[in-house]
Amino acid sequence: MNTNASTFAAVLLTLLVAHMWGDHSAQTDHQAAHKGRPGPDSGTTNAESWRAMLGHLVSYHAVMIVMLAAVVFALDLRVGVTGCAAGVAFLVVTHGFWDRRWPVALFMRITRSPQWAKDPQGRYLVDQSQHWLCLWLASLLIVLV
C-alpha cells in the first residue's frame, strides 16, 4: 500500500538523483558555460545563451521524466498525470530561472552574503540549494495534485 508520505519520499529521492545526474552528467560544457545571462564582456550572445539554456533544460528534464516514470511504474506509485505534469512544468520554469545566474546573485545580495557570493563554490552551493528547494516543492505537487 502506498501512502502519500511514502510516495512523496520515493518521488523526492528520484527527483534528487535525476537532478544530480541531469545537472552534472547530462549537461555539456558548452551549456554550462553559456546558459547564464551573458554579461557585456562574456563573448556569448543572448541567442547563444538561450540556445544553451534550452538544450540544458531539454536534456535535464528528459532525464527527470524517464526516471520519474520508471519509479512510478516500478513501484506502482499513486500519482496522476496532472500532478506529474504540474511538478515537471514547475521544475522547467524554476530550473531555467535559477540557471540564468542573476537570480542567485540577487538572492545572495538580499540575504547579505557578499563574501560568499564572491566564492564560485558559494554561488554553486546556493544555486543547488535553490534547485533542491524547488525539487521538494515539485514533489509535493506531484503527490498532491
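In plain terms, the chain from Ala70 to Thr82 could stretch by 2.6 nm, reckoned as 0.36 nm per residue minus the Cα-Cα distance. Across segment 34-41, coupling constants 3J(HN,Hα) worked out from phi with the 6.51/-1.76/1.60 Karplus curve, θ = phi - 60°, read 10, 6, x, 4, x, x, x, 10 Hz, and Gly and Pro carry x. Taking the convex hull of the alpha carbon positions in the chain and averaging its projected area over all directions gives 9.1 nm². Which whole DSSP H helices in the chain pass both tests: a Cα extent of 18 Å or more along the axis and a mean Kyte-Doolittle value no lower than 0.5? Counting only whole DSSP H runs, the qualifying helices are 4-20, 46-74, 81-98, 120-144.
Restricting the trypsin sites (Lys or Arg not before Pro) of segment 88-131 to loop positions (DSSP other than H, G, I, E, B) with no more than 13 neighbouring Cβ atoms within 10 Å leaves Arg112.
Bear in mind these aren't lab numbers, they're just calculated from the coordinates by the rules spelled out. Keep in mind it's a predicted model, so treat the numbers as computed, not measured. Here Cβ is always computed from backbone atoms with ideal geometry, including for glycine, and neighbour counts include all displayed protein chains.
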